[in-house]
Amino acid sequence: MRKKIAKLMELPKGATKRFSFKRNGLLIDAFVANFNGDIVAYENLCRHLPITLDYGDGEFFSKDNSLFVCQTHGAFYEPKTGLCIAGPCIGASLIPLDTELVDGEIFLV
Ligand code: FES
């Protein structure tokens, strides 16, 4: 599977974008983010309860853009690793997705 999910120029540092993809017939909610120049993507699923991190509003970063935050109970995740470092699911990790940058386009691979 290879799916175009964003243009790099539309994703400056600190920006995120939601997208979805199908796996085994199921629609999976996900997001891609530019964390200080590194493009990362994860399933949009908190590891505490099976609900989205952003609560539907597309906000994933903490106020200082240093961490991802779950809006429901405030878990904090490291953007580069997906590891939860504070909150009810500390020690668990977001489900990572592989991306590829080709000619300024970000693809889910
Ligand atoms: S649902 Fe995310 S911290 Fe509780």
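Regarding segment 51-66, can at least one residue be identified that is hydroxyl-bearing (Ser, Thr, Tyr), without any contact (Cβ under 8 Å) to a residue 24 or more places away in the chain and either open to solvent by less than 20 Å² (accessible area, probe 1.4 Å) or touching a Pro at 6+ places or on another chain (Cβ under 9 Å) (or both)? For segment 51-66, residues hydroxyl-bearing (Ser, Thr, Tyr), without any contact (Cβ under 8 Å) to a residue 24 or more places away in the chain and either open to solvent by less than 20 Å² (accessible area, probe 1.4 Å) or touching a Pro at 6+ places or on another chain (Cβ under 9 Å) (or both): present. Is it true that some residue in segment 26-47 is modelled with pLDDT under 95 and farther than 18 Å from Gly82 by Cβ? Checking segment 26-47: not a single residue is modelled with pLDDT under 95 and farther than 18 Å from Gly82 by Cβ. Looking across segment 36-51, the residues that are within 16 Å of the ligand (Cβ to nearest atom) and either closer than 14 Å to Ser66 by Cα or among the hydrophobic types (A, V, I, L, M, F, W, C) (or both) come down to Leu45, Cys46, Leu49, Ile51. For segment 94-104, the criterion of being without any contact (Cβ under 8 Å) to a residue 40 or more places away in the chain and over 16 Å from Arg2 (Cα atoms) is met by no residue. Within segment 31-41, the set of residues being surrounded by fewer than 21 Cβ atoms within 10 Å (Cβ to Cβ) and under 16 Å from Ser93 (Cβ atoms) comprises Phe35, Val40.
Limited to segment 4-29, what total is found for residues that are outside any loop (DSSP other than H, G, I, E, B) and either surrounded by 13 or more Cβ atoms within 10 Å (Cβ to Cβ) or among the polar types (S, T, N, Q) (or both)?
Selection size over segment 4-29: 11.
The values are calculated or read from the model by the stated rules, or taken from the named source; none is laboratory data. The structure presented is a predicted model; accordingly, all values stated were derived computationally and were not measured. Glycine gets a Cβ as well: all are built from the backbone with ideal geometry, and neighbour counts include every protein chain shown. For accessibility, only protein heavy atoms count, side chains too; no ligands or nucleic acids. Shrake-Rupley method; radii C 1.70, N 1.55, O 1.52, S 1.80 Å.
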